[in-house]
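Here's the structure, in structure tokens; my notes come after.
The values are calculated or read from the model by the stated rules, or taken from the named source; none is laboratory data. Computed from a predicted model, the values in this text were never measured in an experiment. Every residue, glycine among them, receives a Cβ derived from its backbone with ideal geometry; neighbour counts consider all protein chains shown.
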Amino acid sequence: MQDEQLTDGATTARFPDFPADAEYGLLINGQSVPAMDGSTFACVDPFEDREWGVVASGSAADVDLAVSSARAAFERWRSVSPGNRARILLRWAALIEQHAEELARLQVHENGKTITEMQGASLGTAAAASFYASLAANMHGETFESPLPRHRAWTVREPIGVVGAITPWNNPLVLLSWKLFPALAAGNTIVIKPSEVTPLSTLRLAQLGLEAGLPDGVVNVVMGAGAAGKALAEHPDVDKLAFTGSTATGRAIALAGAARFAHVTLELGGKGPHIVFPDANLDRAVEGLVTGLTAGTGQACNAGSRVLVHADIHDEVIERVGRRLSELRVGDPLDPETEIGPLASRPQLAKVTSYFDISREEGHRLVTGGQRASGDAALERGLFVEPTLYAGVDNRSRLAQEEIFGPVGAAMSFTTDEEAVRLANDIPYGLTAGFWTKDVDRVHRLSGQLRAGTVWVNTWRVGGLQLPFGGMKASGVGREMGLNALDAYTETKSVWLGLDS
Ligand code: NAD
């Protein structure tokens with residue numbers, strides 16, 4: 001890290017609550033500690049493309065200490081009654097709400113998402129803490145009419161043990177909340193390895209947990225890059241791995257878990273098909289397509305980045321979506337009026353812009369965008385690209401098949417329902433899919449035929465804690481959220497009792 005960048009006051013002026021030279025230790029056994037080898041790294045604010053913060057960078061030795069701490073805390077935490085675990089989670093939820101603005105600003109500083117989206121994310125994190133508290137308070141096994149004479153039989157739900165949670169940068173707290181709170185509600189302890197792009201929002205969330213009354217060692221945070229994640233995934237004393245991130249990393253984590261039969265849930269990449277039929281409400285469909293392409297600057301696993309439009313309305317819809325994309329307000333993510341912020345990191349900028357070159361080579365028709373944003377000094381300094389749409393895209397092309405994770409859409413046309421379903425399913429991913437129609441028969445038929453964990457009809461990107469979320473195919477294994485969310489963090493034990501008479 002360069003001293004010059006740390007002493008430059010711009011990030012401090014924008015974020016006075018997070019001084020650029022502040023130091024942040026790992027959270028292990030309730031204590032803030034430096035990395036054993038003294039390593040640090042810096043966050044990068046993507047709006048200014050400027051470094052800030054001195055963050056301890058954990059290695060395998062730090063991960064080992066954190067896992068030992070979580071193991072030592074496990075017996076104590078599992079013996080806390082579910083009702084008392086729920087009380088702590090509810091206090092934590094209240095603290096998150098009190099600090100919602102701070103947590104939102106911290107995430108904007110880390111990943112450049114708009115303040116409006118991150119304010120919602122803070123409140124969503126608090127809502128998740130409350131939701132899983134209610135599940136903890138209602139945790140139960142089952143009793144059965146005895147299947148055998150002179151016997152009784154029942155089941156109990158037990159925590160799995162130490163959970164290793166590895167998370168991405170694109171929505172750091174919400175995505176963590178779907179792991180952290182059910183894991184704790186069920187009586188597990190946890191070691192979290194947040195993304196190196198967004199390490200400090202997770203750290204702050206964990207500190208609020210301590211304030212809420214969590215015993216030391218129940219939640220540990222080891223910041224660092226992929227090597228720390230790898231050490232956690234491969235640690236022999238981690239009983240359950242909960243991962244959200246790319247499909248490539250997910251595969252490595254699945255293999256690491258398989259080597260010792262650890263429980264594994266994986267929330268991986270997506271490239272959702274977003275289909276429009278001629279009978280749809282086109283005004284709403286166009287807005288839905290724009291949301292699907294640009295929410296979170298397109299850095300969303302549930303992006304609708306493959307646009308499939310019926311040939312009869314194709315040209316009109318593409319023209320309207322292109323116009324709306326070109327009108328979006330691109331700029332400072334702290335400004336509540338901003339609709340598109342910067343990309344989250346320098347590697348992400350390099351990846352997204354590489355697809356502009358790929359699209360030129362593949363010969364797709366550029367409808368709008370296709371380059372870095374320009375026009376004022378702030379846009380040129382930050383990690384901005386223009387919202388982009390290509391039309392006439394072959395579904396087998398790289399643009400249509402690969403997850404870009406930026407505001408870049410690939411549009412194509414179809415003529416029959418069968419062709420739409422075939423194109424939609426012709427991809428390794430299966431996280432989300434959606435379509436716009438008023439035909440009830442088609443609603444039932446297509447929602448069954450689309451191979452995705454979530455299907456949206458006449459809406460896009462809605463969700464609720466009551467409904468499970470997760471992927472088919474290369475988009476993941478298992479589900480998060482939902483009324484059965486604690487199943488992924490418990491073992492079910494069957495108990496038989498033989499009676500003397
Ligand atoms: P990533 O796979 O690069 O990193 C995710 C996490 O894994 C980070 O904490 C990283 O440090 C860590 N990591 C990297 N290499 C590792 C290794 N070898 N072993 C263990 N950990 C390792 O993903 P990302 O770029 O942070 O996130 C974007 C991806 O996440 C996209 O593919 C997106 O679709 C996906 N995502 C999925 C969902 C979902 O719910 N399905 C939600 C959000 C994001």
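General observations
- Of the residues screened, R150 is one that is surrounded by fewer than 15 Cβ atoms within 10 Å (Cβ to Cβ) and touching an Asp or Glu at 6+ places or on another chain (Cβ under 9 Å).
- The lone exception for A185 - which of (1) under 26 Å from V495 (Cα atoms); (2) over 23 Å from the mean Cα position of the chain (by Cα); (3) of a type in the set (G, A, S) it fails: (2)
- Number of residues in region 19-41 that are under 12 Å from H109 (Cβ atoms) and either at pLDDT 95 or above or assigned by TED's automatic domain parsing to the domain that holds T189 (or both): the value is 1.
- Residue-level check: of (1) within 16 Å of the chain's Cα centre (by Cα); (2) crowded, with 22+ Cβ neighbours inside 10 Å, A262 misses just (1).
- The residues of region 10-53 that are among the acidic types (D, E) and free of Cβ contacts under 8 Å to residues at least 40 places away in the same chain, listed by number, are D21, E23, D37.
- Of the residues G322, G288, G269, the single one that is within 16 Å of the ligand (Cβ to nearest atom) and either closer than 30 Å to R442 by Cα or part of a helix (DSSP H, G or I) (or both) is G269.
- Unique match (being touching a Ser or Thr at 6+ places or on another chain (Cβ under 9 Å) and within 16 Å of the ligand (Cβ to nearest atom)) among G161, G124: G124
- Helices (runs of 4 or more DSSP H) wholly inside region 345-423 containing at least 2 residues that are of a type outside the set (A, V, I, L, M) and either away from the ligand (no atom under 16 Å from the Cβ) or not assigned by TED's automatic domain parsing to the domain that holds A303 (or both): 346-362, 377-381
- Pick from region 445-501, criterion aromatic (F, W, Y) and closer than 19 Å to F243 by Cβ, ranking: surrounded by the most Cβ atoms within 10 Å (Cβ to Cβ): Y489
- Residue in region 195-216 that is under 21 Å from A262 (Cα atoms), buried (at least 24 other Cβ atoms within 10 Å of the Cβ) and at pLDDT 95 or above present: no
Residues are listed down the side, and each one gets a yes or a no for (1) under 21 Å from C301 (Cα atoms); (2) surrounded by 14 or more Cβ atoms within 10 Å (Cβ to Cβ):
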| site | (1), (2) |
| --- | --- |
| Y355 | yes, yes |
| H364 | no, yes |
| D376 | no, no |
| V385 | yes, yes |
| A391 | no, yes |
| L399 | yes, yes |
| G406 | yes, yes |
| G409 | yes, yes |
| F414 | no, yes |
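- In the set (1) in the same structural domain as L293 (by TED's automatic domain parsing); (2) free of Cβ contacts under 8 Å to residues at least 12 places away in the same chain, D487 fails one condition alone, (1).
- Lone qualifier among P182, P236 - being more than 10 Å from the ligand (Cβ to nearest atom), in contact with a Leu (Cβ under 6 Å, 6 or more places away or on another chain) and of a type outside the set (K, R): P182
- Some residue of region 213-229 being near the ligand (Cβ under 10 Å from one of its atoms), closer than 19 Å to S59 by Cβ and without any contact (Cβ under 8 Å) to a residue 40 or more places away in the chain: yes
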